[in-house]
Each structure stands twice: as structure tokens, then as C-alpha cells.
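Following: one structure in C-alpha cells, then a few remarks.
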Amino acid sequence: MASGRPDEQRLRDLARLRRVRDRMDREYARPLDVDALARGVNMSAGHLSRQFREAYGESPYSYLMTRRIERAMALLQRGDLSVTDVCFAVGCSSLGTFSTRFTELVGVSPSEYRRAATHPLEGVPSVMAKRVARPVRNREAATDRRD
């Protein structure tokens, strides 16, 4: 019977990690940090970070920033907000950090992205457009290539 306990604990941890991920998806524009997220599911920040990385392949901070950049891409495509307005609208408090992270994930600066934003996916079903438009880290793009 003792062998079932680690599996039960692992399932409970995964459920808590899903709650953390869902919270980041919902509240990406609010100030969120690992300590607050961990407190919300009764875990230590270190344990949450380790478990989250193991389960999802990236740190909670990286996941949150990816969600923020995805939303920023959509707002920049609209064209009615400045880069600074978009930065704060998606929950970033530093324009420099936002621009650096955006450039890392998307490959161009937010300003360049906004200037070049057209609607190449117009008419494409949203589920497909979202998949195509999702930011990919440069190191992931390099490993995903098939030559």
C-alpha cells in the first residue's frame, strides 16, 4: 500500500500545478510572482518551480511571460495601442524587460512587429491561427528544424 502514496502525491501536485498554470492563463495581466503562486497552492516557491519545470518544460516565470507575449502580439496586431501601452496592458512593469523578452520569443522587437503587423491569417480558423502565431523561443526553433 505504501507504493500508492507517491503516485497519489504526484497526482495532487499535478492538480496544483494545473491550477497555477490556469491562474497564469487567466490573470496574466496582474502582478504575479512565484512566491504568490506557490502560496496559492500551499507549496514552497522552490518546490513549485522545480515541479512546474518538470511537468511543463519551463519555469513558471517563462510560462507567464510567454502568455503575456502572446497577448501582446494580438494587441500589437490591432495597431491601436503603443508598445508602451501594450507592455502595461499585458502585466509587464518594465518596458525594457518586455521588449527584450518579446524580441527573444518572437524574433523582432515589439515596434518592428507592430509596424509589420498585417493580417496574414485573416480568414484562417482561430484555432489554427493561434497555433501558427504562437511565439517560439529561438533555441526551440533551431532544434525543431528538419533539414
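The values are calculated or read from the model by the stated rules, or taken from the named source; none is laboratory data. Not measured: the values here are computed from a predicted model. Here the Cβ is made from the backbone with ideal geometry for all residues, glycine too, and neighbour counts use every protein chain on show.
Among the residues of region 22-42, those that are closer than 18 Å to Arg71 by Cβ and not hydrophobic (A, V, I, L, M, F, W, C) comprise Asp22, Arg23, Asp25, Arg26, Glu27, Tyr28, Arg30, Pro31.
For (1) hydrophobic (A, V, I, L, M, F, W, C); (2) exposed (fewer than 15 other Cβ atoms within 10 Å of the Cβ); (3) outside any helix (DSSP H, G or I), each residue gets a yes or a no:
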{"site": "Arg30", "(1), (2), (3)": "no, yes, yes"}
{"site": "Arg39", "(1), (2), (3)": "no, yes, no"}
{"site": "Arg50", "(1), (2), (3)": "no, yes, no"}
{"site": "Tyr63", "(1), (2), (3)": "no, no, no"}
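The sole residue among Thr84, Thr66, Thr103 that is farther than 23 Å from Val20 by Cβ and in contact with an Asp or Glu (Cβ under 9 Å, 6 or more places away or on another chain) is Thr103.
Scanning region 101-115 for residues that are among the polar types (S, T, N, Q) and assigned to a helix (DSSP H, G or I), we see that the one that is farthest from Cys87 (Cα to Cα) is Thr103.
The selection criterion, being modelled with pLDDT under 95 and not in a helix (DSSP H, G or I), holds for Ser93.
Assessment of region 74-86 against the conditions (in contact with a Leu (Cβ under 7 Å, 6 or more places away or on another chain) and outside any helix (DSSP H, G or I)) yields at least one matching residue.
Residues that are of a type outside the set (Phe, Trp, Tyr) and in contact (Cβ under 8 Å) with a residue 24 or more places away in the chain were ranked within region 34-58; the one that is farthest from Leu11 (Cα to Cα) is Val34.
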